[in-house]
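What follows is a set of notes on a single structure, which appears directly below.
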Amino acid sequence: MTELTITPPGRPLTGKVQPPGSKSITNRVLLLAGLAKGVSRLTGALKSDDTLYMADALRAMGVTINEPDETTFVVEGNGYLSQPENPLFLGNAGTATRFLTAAAALVDGAVIVDGDEHMRKRPITPLVDALRSLGVEADAPTGCPPVTVCGKKGFLNDKVTIDANLSSQYVSALLMASACAGKPIDIILAGEEIGAKGYIDLTVTAMEAFGAKVTRVSAAVWRVEPTGYIATDFHIEPDASAATYLWGAEVLTGGKIDIGTPADKFSQPDARAYAVIAQFPNLPAVIDGSQMQDAIPTIAVLAAYNKTPVRFVGIANLRVKECDRVRALSLGLNNIREGLAHEEGDDLIVHSDPALAGQSVTASIDTFHDHRIAMSFALAGLKTGGIAIQNPLCVGKTYPGYWKALASLGVEYTEA
C-alpha cells in the first residue's frame, strides 16, 4: 500500500477505540527492566517499530525478553548489559537511540548505535558531549548517528552539564543510565530552556517505580543515587499522542469517541492537548507547542478548519523530529489549498478556512515517512474529499492499528 485516500464519512464518528500503549513509557520501562536483575512483567505495552527496535537491541545486549501476548513484555535482566556482537540498529526510533547511547556507557566494551537514513539526520552531539564530560569515550563524526560508545561499566566523573534545548530525551537518557553508574551523579541543565520537560518527570516516575532514587536539587539539577534497578511489574497507560488523533476526529465530526481513559488521567505531557482540542472550532489565536510537541501536527490540521487563524509557537524542535514537521505541515496544508499555511522563522501560521469542509480537492500528502504527519493529515480527510496519504504504513512506527481504528468507526478509504 503506497497511498491511501480517505472518504469523508459525512456524519459524526461515534464508537469506542482503545489507543495503543504509550511509546514513551514503553521504551523507558523496557530499558529499566533490562537493567534490573530479575523478571519484570510489562503490561499494556506498545508493540510497534520503535518499541520492537528497543526490545531487539536489549536482546542483543544479553536481556531475555518474551512476548506472551500483543501488549505484554516479560523481561529478565542480569543487572547489567553485555557488549553486543554487532551494531545496534534502531531504525528511526529517537527514544531508543538516545536512551541506548547513554546506556552503552554501562557496557564493558565498544557499542555502535545506529539507525536508518532518517535517524542519521537527527542530532545527537549534545548527548555525546555530555558522555565525554562524564569520562566516557564517545564519538559521532557527523553529529548524528552512528555513535560509537566505549563503555567502562559506568561514569568516571560525578556530574554533567547537558544542553537539552533540542530534546529532553538527552536528559532522560542520562538520568536512566546514572542509577547504574556506581556513584551519585548530578545532571545539570545548561540554561533554562528545555523541550518537553514533562517527559523528564515521566522518566523519573518510571525510574522510581524500578527502585531508583532521584532528587530534584534545584530547577536545573537532578541527583541520581547509585541504586541500580529492581525488577518489578509495571502497567503502561495508553499513548496520549495517539489519543490526540481520536480527540481530533471527535471534534471535527461532532461525534463521541470513547478511548477508555479520561484526558485528566494521563501522566504524559501531550494529554494537555485535550484542553486545546476541545476548544475547536474556536482554537486560541496563539498556541505554544513547546510542552506538547507530538500533538502539534494534530492541532495544526484541526486549525485548517478553525473559525480564525492560528499561530503555532515554541515548535522549533519539530524541525529535528522524524522529519522537519514544521515544513511538512506547511507543505501538506498548502497542498490542500494554496495559502492555507506559511512559516515565519520557526513559527507555523495556519490561515483557517472552515469552507474546506465538504469540498473535494486533489491533494496527495507527502508524509516524509513520518507517522505523525500521516495520522494527522488523515483527519483532514474526514472533512474534505480527495485527501490521499502517501506511505500510509509509516504509522507502524507508533500506531500499527491506526487505519483499522478509523475503519472501526466507519471511516472508509481506498488503497493504492
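Laboratory data are not the source of any read-out in this text; all were calculated from the coordinates shown. Every value quoted in this text rests on a predicted model; they were computed, and no experiment measured them. Quick reminder, even Gly has a Cβ in these numbers, built from the backbone with ideal geometry, and neighbours come from all protein chains shown.
In terms of its C-alpha gyration tensor, region 23-235 has a rounded overall shape, because the principal axis ratio a/c (a ≥ b ≥ c, square roots of the eigenvalues) stays below 1.5.
The H on the amide N of residue 359, modeled in the peptide plane, is under 5 Å from the matching H of 385, each at least 5 residues off or on a different chain. Where both bridge residues fall in region 1-133, DSSP classifies roughly 85% of the beta bridges as antiparallel. Computed over region 1-92, relative contact order equals 30 percent, with contacts defined as Cα pairs under 8 Å that lie 6+ residues apart. Result for the chain in a Gaussian network model with C-alpha springs under 10 Å: among 299, 185, 287, the largest mean-square fluctuation is at 287. In the list [x] 25.8; [y] 22.2; [z] 21.7, the label attached to Kirkwood radius over Cα pairs in Å as derived from the coordinates here is [z]. For the chain, relative contact order (Cα pairs under 8 Å, six or more residues apart, normalised by length) works out to 20 percent. Each stretch of four or more DSSP H residues adds -39500 (n - 2.57); spread over every residue of the chain, this sum gives -8500 deg cm²/dmol at 222 nm. Antiparallel beta bridges, as assigned by DSSP with both residues in region 23-235, represent about 75 percent of the total such bridges.
Note on region 338-373 and region 221-256: Cα centroid distance 27 Å, given to the nearest whole angstrom.
Only Lys, Arg, Asp and Glu carry charge here, each on its Cβ (+1 for the first two, -1 for the last two); on that basis the chain has a dipole of about 540 debye about its Cα centre. Across region 23-235, Cα pairs under 8 Å and at least six residues apart give a relative contact order of 21 percent.
Spatial offset of region 303-321 relative to region 23-53 amounts to 32 Å, using the alpha carbon center of each.
Taking a ≥ b ≥ c as the square roots of the Cα gyration tensor eigenvalues, with a/c under 1.5 meaning rounded and otherwise prolate when a/b beats b/c, else oblate, which class fits region 241-300? Here region 241-300 falls in the oblate category.
Between the amide H of residue 288 and those of 313, distances stay under 5 Å, these residues lying 5 or more places away or on another chain, with hydrogens modeled in the peptide plane. With Cα atoms defining each centre, region 105-168 and region 386-416 are spaced 36 Å apart in the structure. Classification of region 53-148 by its C-alpha gyration tensor yields an oblate form. The axis ratio a/c (a ≥ b ≥ c) is 1.5 or more, and b/c is at least a/b.
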